[in-house]
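Reading through the structure tokens given below for one structure.
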Amino acid sequence: MRLRTRPVPRCSGVHQGQGRVRGQAYPGRVSASDPASTLGAYLRAVRGRLSPESLGLPGGGLRRVAGLRREEVAVLGGLSVDYYTRLEQGREVSPGAAVLEGIVDGLELEGDERDHLFTLAGLAAPPRRSRAATSASPALGQLIDSWSAQPAFVIDPAHDVLAANALARTVHAPFERFDNLVRMTFLDPAARGFHADWARAADATVASLRAVTGEFGSDPRLQTVIATTYDASTEFADRWSAQRVQRKTLTGKRFLHAEVGRLEFDAHTFAVQGSPGLQLVVYACEPGSATAAALTLLALGTAHAGADGPLRPA
């Protein structure tokens, strides 16, 4: 018996053996060539995995689907519900950078997620304004405590000293407190006698502080340090207004210590990976130098004075 086969209709744009028109996306899938629909799909996916509670919103009431409602995203991003809905539906194809930044802030997107949102909208992501870490990890504190021959400490964008080993505290003992490099340089009377070239140290401190404002300018603690020192020191205010920028890298340090005399270091500064804004500063000196001998004396004094345990910033 011969089987009867049904002929395949010939239609323009349809291939035999295929069930879709050439160039048409599969049902339920987003075409990567359509920026508007891709952006909308990304926004839907992000709000679908975020809980209201994680962003400070009340989570009560029944929800048909998991995640945030469109109305909630609109409120968090400072947008109208209608405009945000059009974004998700691909009917708004050219959101501005300010709109995207509002969504980023509202949904607390960071790093690659933030950059991806701007890329989907066809815009270059502005420099990131990251949230600075507020403390040094215990592991990092233990690491610098183990360095008995190198003064080392950790600072945040505001130049607060978050952790320091005993030798670093002893080197900076002439100051009232080893707490913030900006306050110490401009508001502590000991600074002018401690720095062999105070003006150079002051220039470097302000330039370093200015450099971090590009990424962490909205940090409340950084803003407080700048405002307080600006009001209290005309020398800081003049330097701040000069707009000089220089990140901490490798710099020479020349100190005049009340107990051991002149100290000369190369100050190495490293970014602390995984802790945005934190920097590890390590003072190094030539082996066998007068500074190395002075550090040995200071370390002996620290060992006697610090028998109760490792020192930490006050």
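If you go through the stretch 289-314 one residue at a time, how many are part of a loop (DSSP other than H, G, I, E, B) and modelled with pLDDT of 95 or more?
1
The rows are residues; the columns are (1) surrounded by 17 or more Cβ atoms within 10 Å (Cβ to Cβ); (2) at pLDDT below 50; (3) farther than 25 Å from residue 119 by Cβ.
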position: 2; (1), (2), (3): no, yes, yes
position: 20; (1), (2), (3): no, yes, yes
position: 48; (1), (2), (3): no, no, no
position: 60; (1), (2), (3): no, no, yes
position: 66; (1), (2), (3): no, no, yes
position: 71; (1), (2), (3): no, no, yes
position: 83; (1), (2), (3): no, no, no
position: 87; (1), (2), (3): yes, no, no
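Residues in the stretch 127-139: is at least one among the hydrophobic types (A, V, I, L, M, F, W, C), farther than 21 Å from residue 217 by Cβ, more than 14 Å from the chain's Cα centre (by Cα) and assigned to a loop (DSSP other than H, G, I, E, B)?
no
Within the stretch 242-285, how many residues are of a type outside the set (S, T, N, Q) and assigned to a loop (DSSP other than H, G, I, E, B)?
Selection size over the stretch 242-285: 14.
Quick check: is even one residue across the stretch 194-213 surrounded by fewer than 21 Cβ atoms within 10 Å (Cβ to Cβ), within 26 Å of residue 285 (Cβ to Cβ) and either polar (S, T, N, Q) or in contact with a Leu (Cβ under 9 Å, 6 or more places away or on another chain) (or both)?
Within the stretch 194-213, one or more residues are surrounded by fewer than 21 Cβ atoms within 10 Å (Cβ to Cβ), within 26 Å of residue 285 (Cβ to Cβ) and either polar (S, T, N, Q) or in contact with a Leu (Cβ under 9 Å, 6 or more places away or on another chain) (or both).
Just the residues that are out of contact with any Phe, Trp or Tyr (no Cβ under 9 Å at 6 or more places or on another chain), open to solvent by 30 Å² or more (accessible area, probe 1.4 Å) and not small (Gly, Ala, Ser), please, taken from the stretch 146-178.
147, 176, 177
List pairs: first residue in the stretch 37-64 and farther than 21 Å from residue 95 by Cβ and polar (S, T, N, Q), second residue at pLDDT 85 or above and open to solvent by 30 Å² or more (accessible area, probe 1.4 Å) anywhere in the structure, Cβ distance under 9 angstrom, at least six positions apart or on different chains.
The qualifying pairs are 54/108.
Residue check: is residue 218 under 16 Å from the mean Cα position of the chain (by Cα) and buried (at least 21 other Cβ atoms within 10 Å of the Cβ)?
So residue 218 fails the test.
Have a look at 187, 181, 143, 109 and point out the one that is open to solvent by less than 50 Å² (accessible area, probe 1.4 Å) and more than 15 Å from the chain's Cα centre (by Cα).
Going through 187, 181, 143, 109 in turn, the sole match is 181.
Residue by residue through the stretch 243-267, note down the ones that are open to solvent by less than 60 Å² (accessible area, probe 1.4 Å) and over 18 Å from the mean Cα position of the chain (by Cα).
Of everything in the stretch 243-267, those that are open to solvent by less than 60 Å² (accessible area, probe 1.4 Å) and over 18 Å from the mean Cα position of the chain (by Cα) turn out to be 251, 252, 253, 255, 257, 260, 261, 263, 265, 267.
I'd like to check something: does the stretch 108-122 contain any residue that is among the acidic types (Asp, Glu) and touching a residue at least 24 places away in the same chain (Cβ under 8 Å)?
Within the stretch 108-122 (the criterion being among the acidic types (Asp, Glu) and touching a residue at least 24 places away in the same chain (Cβ under 8 Å)), the answer is yes, since at least one residue qualifies.
The values are calculated or read from the model by the stated rules, or taken from the named source; none is laboratory data. Everything quoted here is computed from the prediction, not taken from an experiment. Neighbour counts are summed over all protein chains in view; Cβ atoms, including those assigned to glycine, are modelled from backbone coordinates with ideal geometry. Heads up: the accessible areas ignore ligands, DNA and RNA and are worked out on the full protein's heavy atoms, side chains in. Shrake-Rupley method; radii C 1.70, N 1.55, O 1.52, S 1.80 Å.
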